[in-house]
Amino acid sequence: MSDKPHQNLAIIGHVDHGKSTLVGRLLFETGSVPEHVIEQHREEAEEKGKGGFEFAYVMDNLAEERERGVTIDIAHQEFDTDNYYFTIVDCPGHRDFVKNMITGASQADNAVLVVAADDGVAPQTREHVFLARTLGINELIIGVNKMDLVDYQESTYKEVIGEVEDLLNQVRFATDDTTFVPISAFEGDNIAEESENTPWYDGDTLLESLNDLPESEPPTDAPLRLPIQDVYTISGIGTVPVGRVETGILNTGDNVSFQPSDVGGEVKTVEMHHEEVPKAEPGDNVGFNVRGIGKDDIRRGDVCGPADDPPSVAETFQAQVVVMQHPSVITAGYTPVFHAHTAQVACTIESIDQKIDPSSGEVAEENPDFIKSGDAAVVTVRPQKPLSIEPSGEIPELGSFAIRDMGQTIAAGKVLEVNER
């Protein structure tokens, strides 16, 4: 681990706009991927008739992903700039991976939105910007990619900027802070070094822009919240829940509570990267052992917190949602699956309380009969089985969720208040 401050960076944007190539290029330019590895990928890409995919291959290093030519899981990769070390949360652009995108973006502090110069704002560009806004990403750097395909024309670049600014204004993203950089991830223009192909551009390179991002404060002061991803039984140790510390600090000797399973005990050991550590902080992926907890007492989707300030378990909760796509309309009584941190729980929308004008954030209608694609609303939700979730105003890391139905993500939202059971 580096002693520089850490940033989680989401790379978002429409499918085929060059996200994976950009990520590979960033890792290569910062020396995180050695030259010979790129060479190896280049040969492999050419053998498969996909010359030019070598940078993308750095990210898509799962064989299945190569065969399909798409990015599936959120691959984590790290690189350094002078000021930060970054973990890239590669957010795949494909529809069926929006859930990954949501769990990925919710972990990101900032994002690079990749928009291809030859294509402009596309459907998923909108969706990803909407999500980034809903899930609390504050700063966007816009990489106008594939400048090589439009002969590095300033006029095309300006057109794309106009389109993106319109989109950002629609979802009330503060455009004053937004940085635009004309790049070619494929050729390397304006990534690490100023490009001779864009003499009309005098701003920062992409890496300089990343280096200038504001520092995010790690949520160490908040109470401990650690969503459980898996529970293992390890011989000689016993039951080991595994997860990522979202907020607070996990110390050996702490008394903790798992909700909604409602069991607890004393933390005996904490392990990170197969080494025992005295404590774990936000962003750390850990396995830990708790005295008196058996494998069947807890499960994926539980949240671990301090015994004296246990995670909230919702009887009902009120949330603001944004409907991205739904074939018809959503009415009270609708029961899709909510994905919040590591939990997946069917929840009923008990009432639609307000329809919100997404462009202004003002209330457009009280108690509407239904909401449809493109609408934003405040709804009251009743989980069908116990769900631990927190108000996003208090613990944003556990306050966002995605709503899925029929194999696709239909909405995303954040929790406004929790009515505890």
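Structure remark: mean-square fluctuation, Gaussian network model of the chain, C-alpha springs under 10 Å; the largest value among HIS341, HIS14, HIS41 belongs to HIS41.
When the Cα atoms of the chain are aligned to their principal axes, the ranges along those axes come out at 63, 56, 38 Å in descending order.
Per 0.36 nm of contour for each residue apart, how much would the distance between ALA346 and HIS274 grow if the chain were fully extended, relative to their Cα-Cα spacing?
Values: separation 72, 0.36 × 72 = 25.92 nm, distance 3.51 nm.
So the extension gain works out to 22.4 nm.
So if I place +1 on the C-beta of Lys and Arg and -1 on the C-beta of Asp and Glu, and nothing else carries charge, what would the dipole magnitude of the chain be about its Cα centre? I want it in debye, nearest 20.
Computed about the Cα centre, the dipole is about 1900 debye.
So, with +1 on the Cβ of K and R and -1 on the Cβ of D and E, and no other charges, what is the size of the charge dipole of the stretch 273-421 about its Cα centre, to the nearest 20 debye?
Values: 12 positive and 24 negative charges, 124 e Å.
Dipole about the Cα centre, nearest 20: 600 debye.
Compared with the direct C-alpha span, the chain from GLU163 to THR335 gains 58.3 nm at full extension, assuming 0.36 nm per residue. Computed across the stretch 219-345, the Kirkwood radius stands at 15.7 Å (inverse of mean 1/r, all Cα pairs).
To the nearest 0.05, how large is the calculated FRET efficiency for LEU149 and PHE370 if R₀ is 41 Å and r is the Cβ-Cβ distance? Computed FRET efficiency for LEU149 and PHE370 comes out at 0.45.
How large is Rg over Rh for the stretch 166-281, taking Rg from the Cα atoms and Rh as the Kirkwood inverse mean of 1/r across Cα pairs?
Values: Rg = 22.7 Å, Rh = 18.8 Å.
Rg divided by Rh gives 1.21.
Database remark: amide H of ASP405 closer than 5 angstrom to the amide H of ILE410 (H placed geometrically; neighbours at sequence offset of 5 or more, or on other chains; Pro and chain starts carry no H). Once both labels are positioned 7 Å from their Cα atoms along Cα-to-Cβ, the gap between ASP262 and ALA192 label points is 5.7 nm.
Between the amide H of ASP284 and those of VAL245, distances stay under 5 Å, these residues lying 5 or more places away or on another chain, with hydrogens modeled in the peptide plane. For the stretch 380-419, a/c is not less than 1.5, where a ≥ b ≥ c are the root eigenvalues of the C-alpha gyration tensor, and a/b does not top b/c. That puts it in the oblate class. Angle of helix 154-170 to the longest C-alpha principal axis of the chain, folded into 0 to 90 degrees and rounded to 10: 20°. By DSSP, the beta bridges lying fully in the chain are antiparallel in about 80 percent of cases. Which residue, ASP302, ASP202, ASP16, has the most motion in a Gaussian network model of the chain that connects Cα atoms within less than 10 Å? Of the options given, ASP202 has the highest mean-square fluctuation.
Ligands, DNA and RNA excluded, the heavy atoms of GLU217 present near 150 Å² of accessible surface to a 1.4 Å solvent probe. Take the cross-link list LYS372/LYS414; LYS19/LYS158; LYS19/LYS355; LYS355/LYS385; LYS19/LYS414; LYS4/LYS146 and give me the ones stretching past 29 Å between alpha-carbons. Going by Cα-Cα distance, LYS19/LYS355; LYS4/LYS146 fall outside the 29 Å limit. Taking every Cα-Cα distance in the stretch 137-224 and sorting them into 5 Å bins from zero, the calculated P(r) comes out as 3, 13, 22, 20, 17, 11, 6, 3, 3, 2, 0 percent. When the chain is treated as a GNM, springs tying every alpha-carbon pair under 10 Å, which of ARG299, ARG25, ARG291 comes out with the largest mean-square fluctuation? Maximum among the listed residues: ARG291. Placing pseudo-labels 7 Å out from each Cα toward the beta carbon at GLU35 and ARG172 gives an inter-label distance of 5.2 nm.
The sum of -39500 (n - 2.57) across all DSSP H runs of n ≥ 4, divided by the residue count of the chain, sets its helix-only mean residue ellipticity at 222 nm to -5500 deg cm²/dmol. The stretch 121-195 and the stretch 342-421 have Cα centres separated by 29 Å.
The values are calculated or read from the model by the stated rules, or taken from the named source; none is laboratory data. For clarity, every value in this text was computed on a predicted model and none was experimentally measured. As a convention, Cβ positions derive from the backbone with ideal geometry for all residues, glycine included, and neighbour counts pool all protein chains shown. These accessible areas exclude ligands, DNA and RNA; they are computed on the full protein's heavy atoms, side chains included. Shrake-Rupley method; radii C 1.70, N 1.55, O 1.52, S 1.80 Å.
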